[in-house]
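Engineer: The structure is given below, and queries will be raised subsequently.
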Amino acid sequence: MRFTLTQISKRRLPVTDGELEVEGLRGKSVEIIRDKWGIPHIFADHAYDLFFAQGFVQAQDRMWQMELNRRTANGTLSEIFGEIALETDRTARTFGFSRLGKIDWENTSEKVKECMQAYVDGVNAFLNHKKSKLPVEFTLLRYKPQMWTPEDCCSFTRVMLWQLSHAWYGELIRSKIIEEVGSDHAAELEVKYPATHPITLPNGIEFNVLSKDGILTGAKGPFLTRGQGSNTWVVSQERSASGHTYLCNDMHLSLMLPSIWYETHLVGGGFNVSGVSLSGVPLILVGHNQNIAWGSTLAFTDAEDLFIEKISEDNPNQYEVNGEFVEAEIIKEKIIIKGQAEPHIETVMITRHGPIISDVIEGTNVRVAIKSMALQPSQALEGYMSLNKASNWNEFVEAMKLIDATQLNMSYADVDNNIGYWVTGKVPVRSSNHKGDIPVPGWDNLYDWQGIVPFESMPHALNPKQGYIINCNHKIVPDDFPYFLGNMWMNGARAKRFEQYLSAKGGKLSVEDFKSLQMDFTCLPGQEFVNFLRKKDFKLSNDPKLLEAFNLLLSWNGVLSPDSIGGTIYEVLRYNLVRDILSVGLSEGLVLEIMGKGFNPVLYHANEFYGHDTYIILRLLKTPTSWWIKEAGGVENILNRNMKKSIDWLSQTYGKKPTEWQWGKLHKIHFPHAMGLRKPLDQVFNRGNIPIGGDTDTLCQTAIHADDPYDVNAWAPSHRQIIDLNDLSKSLMIFAPGQSGHLASPHYADLIPIWYKGEYHPMLWERDDIIASAEGRLFLKK
């Protein structure tokens, strides 16, 4: 089957050389040079033609992925996949991504509308062109895509904004824990940021002007001229071995086929910008232009809350507000399901706080509405357009102000050797009655949001005196910061490893160091766990197999390389310890949620508790008087029981000899394709099954799902970039699996080996270099 479908796909590959006449261009032509990695460099005389061509090339390479993205956002997956996709469609319709997309399109500025319309016109020019052929996936499902609309772009943008927001699901998990074991025992499981781990801005907001002679002086901000004031790091000249300024970023998202990212270089109409975008959306989301570079990670600020609504017993369409029942907005969503004669009707109820979501999530017997900054009107696309053209810090800040969702750590560097950072996304100011930790009553104003944290007061820095800014989703500001921003940061182990590495290098880093850091498999929580075991005189079973494995664990150096055996024992033991200890008081489903499981595998596959279970269990093991430890039988019994369980499982699964227990045998990367959900199409479309190191606590983060260990099925570095601000032509990037979504394309999975080895391709910048590496040269003409 793979051979047959590949042959069909060969006949569907897009035209990438020569000339194509297309309708809709405003200038005479657009030049598209694809380099040897399949990446298009687009040259146009007009901005409209530039984005027209961006839509055209994305449709050429990723039309199937674009269709999936559009259907996910609009809640129409069931039309092509049947009932298996119904829960995802119900969720999308309830949260209202398509409704919000329409509002965003209506509210956006004329300049953004022209950009979006040009992109859409380019997509549709491909769909209408006589030489265009659709990918093989459309043949298998026997349908053709409809024409693209600007609202489709906005709706999919909405999905991404919401998926990258956090906080509401953690409230639900906390309330479940309290319900099952009570508030005292629940308090022992609360996430606490380790006191010895770094903070992104240890001095809070910090502003320093870099003078012509390189001296830092304090300044008022954020704009310098008015008023006051993922892994990514920016490194100043003083902190780099070469004396150059660098911006590095590796975004940790789900690995998939095609990649979530589509790399493009856009030149013309006032733009010269290179980086990655999303299939179905114009502009560049992360990358650099001729003046500045930027990267992003999730900020984990708390911009969402759950409100329990009181529904009238007499009228199910009314809910209580300050002692009176008022009408909710009721929307009937019709979902067409392939193979079924009648559509599913989803009744969506919207209160003053937002949509009632308890019908599409499990684990609550009350009516719960979500209030989220990511579900309110947004100017994010306006912000990214401004960012693409920004030429200095002030213009970068103006763009940040417009990116009102999602909550991101945005790193900054420029060709004048400034480095900076800003946290985007609006964060609510809550009342004194509301900590944002559990669902609260929605029927009076006591718990309502009181306002928004002022933009100028959001965490930011320019040229901090330490000479670098690092963020690995960890804690952003000290506890004395004047506004509450959240308390569910990632645990900071990756950031601590960065600072450890920086110190070992004498405080200066080279490009080779950046590469090593982005592939670093050192697991600090693993080292801490082993040190805990070494310091205690535990009475272990006399079973020689158990003792042998225990000694292998004690001798492990904390590096989770693919060939590590001690690392395997740590990972399996850690997983079993978490489940064993938490299970003494909690249901199995709730244990998995504390370990990070989300409520929907497509839209929300993980929650903000993810990555905290290791430190929670370490804290409990170090506290023998803990209720959880006593209920589980005491520390020694817990360790013996779970060591035996771990060793028995490894012996049965991978062989009796510990030399066969390499971490990479358990822990493999996969690049799944949507069509691969059904056998034997997985053998046709999927790629991967390659051993890799790391876990969720290593700088090279390779995360697992709690309900399906131990493969890399949650997320990993979906992209890496190293940008040299003093010589942009030396900038590097890599993503996997490849640029093309066509099964038969040489660029379907050609970047996997490069990505896997920790290597990169150059971000070709100068026209001569682009032409020298050209694989195809296509001219779109009127």
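Engineer: For the chain, evaluate the Debye formula with one uniform point scatterer on each Cα (no solvent term) and list log10 I(q)/I(0) at q = 0.07, 0.08, 0.11 Å⁻¹, rounded to two decimals.
Structural biologist: Here log10 of I(q) over I(0) equals -0.51, -0.68, -1.34.
Engineer: Cross-link partners among lysines for Lys730, C-alpha distance below 29 Å, same-chain residues fewer than 8 apart left out?
Structural biologist: Lys36, Lys212, Lys389, Lys465, Lys496, Lys505, Lys508, Lys515, Lys757
Engineer: Taking +1 at the Cβ of each Lys and Arg and -1 at the Cβ of each Asp and Glu, which of Met256, His288, Phe300 sits farthest along the dipole of region 230-317 towards its positive end, judged by Cα position relative to the Cα centre?
Structural biologist: Towards the positive end, the residue furthest out is His288.
Engineer: To the nearest 20 debye, what is the magnitude of the charge dipole of the chain about its Cα centre, counting +1 on the Cβ of each Lys and Arg and -1 on the Cβ of each Asp and Glu?
Structural biologist: Numbers: 78 positive and 93 negative charges, 387 e Å.
It comes to approximately 1860 debye.
Engineer: Leu560: net charge of surrounding residues, Cβ under 15 Å, Lys/Arg +1, Asp/Glu -1, itself excluded?
Structural biologist: It works out to a net charge of -2.
Engineer: Counting only residues 5 or more places away or on other chains, whose amide H sits under 5 Å from the amide H of Lys426 once H atoms are built in the peptide plane?
Structural biologist: The answer is Ala405.
Engineer: What is the Cα centroid distance between region 61-82 and region 249-317, reported in whole angstrom?
Structural biologist: Region 61-82 and region 249-317 have Cα centres separated by 18 Å.
Engineer: When the solvent-accessible surface of protein heavy atoms is calculated with a 1.4 angstrom probe, in what order do Tyr483, Tyr615 fall, highest first?
Structural biologist: Largest to smallest exposure gives the sequence Tyr483, Tyr615.
Engineer: Have a look at region 599-703 and give its Rg and Dmax from the Cα atoms, expressed in angstrom.
Structural biologist: 18.3, 54
Engineer: Can you give the net charge of the other residues whose Cβ lies under 13 Å from the Cβ of Asn637, counting K and R as +1 and D and E as -1?
Structural biologist: +2
Engineer: Considering only Cα-Cα distances, which of the following residue pairs are longer than 25 Å: Lys332/Lys597; Lys435/Lys597; Lys28/Lys113?
Structural biologist: Lys332/Lys597
Engineer: Leaving ligands and nucleic acids out of the surface, order Trp489, Trp649 by accessible area at 1.4 Å, largest first.
Structural biologist: Working: Trp489 15, Trp649 90 Å².
Final ranking, largest accessible area leading: Trp649, Trp489.
Engineer: A further question follows. What ranking do 298-305, 432-439 get when scored by the average of other Cβ atoms within 10 Å per residue, highest first?
Structural biologist: 298-305, 432-439
Engineer: Ok, one more. Which of the trypsin sites (Lys or Arg not before Pro) found in region 665-762 are in a DSSP loop and have at most 13 neighbouring Cβ atoms, other than their own, within 10 Å?
Structural biologist: On the way: sites: Lys665, Lys668, Arg678, Arg687, Arg720, Lys730, Lys757; in loops: Arg678, Lys757.
Sites meeting the loop and neighbour criteria: Arg678, Lys757.
Engineer: Which one of Ala736, Thr696, Ala706 has its Cα pushed farthest toward the positive end of the charge dipole of region 689-782, where Lys and Arg give +1 and Asp and Glu give -1 at the Cβ?
Structural biologist: Positive-end residue among those listed: Ala736.
Engineer: Next question. Within the set of other residues whose C-beta is less than 14 Å from the C-beta of Glu67, count the net charge using Lys and Arg as +1 and Asp and Glu as -1.
Structural biologist: Net of charged neighbours comes to +1.
Engineer: Charges on Cβ only, +1 for Lys and Arg, -1 for Asp and Glu, centred on the Cα centroid of the chain; of Ser432, His265, Ser391, which one is farthest towards the dipole's positive end?
Structural biologist: His265
Engineer: Let me ask something additional. Please give the Cα centre distance for region 129-183 versus region 676-723, rounded to the nearest Å.
Structural biologist: The distance from the Cα centre of region 129-183 to that of region 676-723 comes to 19 Å.
Engineer: Whole-Hz ³J(HN,Hα) for each residue in region 688-701, computed from phi via Karplus 6.51 cos²θ - 1.76 cosθ + 1.60 with θ = phi - 60°, x for glycine and proline: what do you get?
Structural biologist: x, 6, 10, x, 8, x, x, 7, 6, 9, 9, 4, 7, 7
Engineer: Still on this model: Report the Stokes-Einstein translational diffusion coefficient (µm² s⁻¹, integer) for region 457-568, Rh taken as the Kirkwood radius over Cα pairs, at 10 °C with viscosity 1.306 mPa s.
Structural biologist: In µm²/s, the coefficient is 92.
The values are calculated or read from the model by the stated rules, or taken from the named source; none is laboratory data. Please read all numbers here as calculations on a predicted model, not as lab measurements. When we count neighbours, we look across all protein chains shown, and the Cβ atoms used for this are built from the backbone with ideal geometry, even at glycine. Areas reflect the complete protein model, heavy atoms only, side chains present, ligands, DNA and RNA absent. Shrake-Rupley method; radii C 1.70, N 1.55, O 1.52, S 1.80 Å.
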